[in-house]
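A.B. asks: Got a structure here, written out as structure tokens. Questions coming.
Laboratory data are not the source of any read-out in this text; all were calculated from the coordinates shown. Predicted, not measured: the structure shown is a model, and the values here were computed from it. Cβ sites come from the backbone with ideal geometry, for glycine too, and all protein chains shown count toward neighbours.
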């Protein structure tokens with residue numbers, strides 16, 4: 001009995017068929033004890049020792065019932081897919097950061113030994129590197145943590161989102177520079193979304209990052225007054241695999257869209273989305289007229 005309790009009650013390991021039968025019999029025995037006590041003292045107050053015995057039986061029933069749910073017998077692959085469906089949408093909602101131990105996916109790996117094994121063997125769970133900076137969040141992110149997150153996502157392509165409000169106490173550029181210093185990051189990042197302040201943009205352009213050889217999607221969220229940085233940013237993040245480009249600005253006008261056209265790598269783009277963060281994207285006709293050739297149309 002002690003070995004069975006140690007194996008099943010202290011872990012999420014699935015019970016064998018023999019163990020499941022033993023657990024069901026234990027539950028039946030405890031239920032019988034509760035019914036016997038109820039019949040024996042019907043209409044009378046339970047003595048203290050009998051009440052303690054009844055409570056122990058009820059607690060044991062509840063504890064052992066946890067062992068039997070089908071979730072314990074799910075194959076690791078299916079459990080990993082459930083993790084992905086639960087965790088990735090939460091990350092992409094930009095309500096949490098990938099390096100926060102209080103939030104998924106790191107939190108998922110701290111529930112129990114079994115869930116940790118499943119989480120660490122589900123690379124797609126770690127392929128979204130979301131970092132949210134705000135006034136209320138302390139400075140986070142160290143190279144060992146970032147290296148471990150990237151290592152866990154191997155061999156999946158990386159999707160990276162860095163969001164910072166103007167009052168952030170942390171420098172989002174620190175995270176970006178630490179990521180760039182990891183060789184595996186620059187070679188595997190496929191989607192990059194930057195939403196950082198003017199001061200951080202100036203620092204970024206002062207020390208241009210290396211070319212991301214496999215980046216396919218680039219999105220820039222800029223504020224008013226940052227428009228003149230866009231051309232230099234696109235040059236810094238130029239990549240032969242870039243296919244989708246999105247630029248969002250606080251306030252937008254068609255003339256600005258036209259002024260950006262010479263900086264777009266039109267020959268390799270299949271999707272261009274440019275407009276205001278306060279409304280829908282700029283008129284497609286304006287974007288198309290900005291292209292160097294009338295033959296260019298987004299797919």
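A.B. asks: Using a 7 Å offset from the Cα along the Cα-to-Cβ direction at both residue 110 and residue 52, what is the distance between the two label points in nm, to one decimal?
C.D. replies: The answer from the label model is 3.7 nm.
A.B. asks: How much length is gained on full extension from residue 244 to residue 7, taking 0.36 nm per residue of separation minus their Cα-Cα distance? Before the final figure, lay out the partial values.
C.D. replies: Details: separation 237, 0.36 × 237 = 85.32 nm, distance 5.13 nm.
That pair, residue 244 and residue 7, stretches by 80.2 nm at full extension.
A.B. asks: Would you mind ranking 143, 23, 189 so that the residue whose beta carbon has the fewest other beta carbons within 10 Å leads the list?
C.D. replies: Fewest-to-most ranking of 143, 23, 189: 143, 23, 189.
A.B. asks: Give me D for segment 2-72 in µm² s⁻¹, whole number, from Stokes-Einstein with Rh from the Kirkwood sum over alpha-carbon pairs, 37 °C and 0.692 mPa s.
C.D. replies: Details: Rh = 13.3 Å.
Rounded to a whole number, D works out at 247 µm²/s.
A.B. asks: Something else now. R0 = 30 Å: FRET efficiency of residue 263 with residue 124, Cβ-based, nearest 0.05?
C.D. replies: Values: r = 34 Å, r/R0 = 1.12.
It comes to 0.35.
A.B. asks: While we're looking at this one, here's another question. Based only on other Cβ atoms within 10 Å, what is the fewest-to-most ordering of 64, 126? Before the final figure, lay out the partial values.
C.D. replies: Values: 64 20, 126 26.
Neighbour counts put them in this order, fewest first: 64, 126.
A.B. asks: Okay, moving on. Once R0 is set to 22 Å, what does the formula 1/(1 + (r/R0)^6) return for the Cβ-Cβ distance between residue 44 and residue 65, expressed as a FRET efficiency to the nearest 0.05?
C.D. replies: Values: r = 29 Å, r/R0 = 1.31.
Step by step, r from the Cβ atoms, then E = 0.15.
A.B. asks: Please order 182, 215 by the number of other Cβ within 10 Å, starting at the fewest. Intermediate results must be reported in sequence, preceding the final value.
C.D. replies: Numbers: 182 16, 215 24.
Starting with the residue having the fewest Cβ neighbours, the order is 182, 215.
A.B. asks: Could you order the peptides 152-162, 30-40, 53-63 from most to least packed, using the average number of other C-beta atoms within 10 Å per residue? List each step's numbers first, then the result.
C.D. replies: Values: 152-162: 18.2, 30-40: 13.4, 53-63: 14.9.
Going from most to least packed, we get 152-162, 53-63, 30-40.
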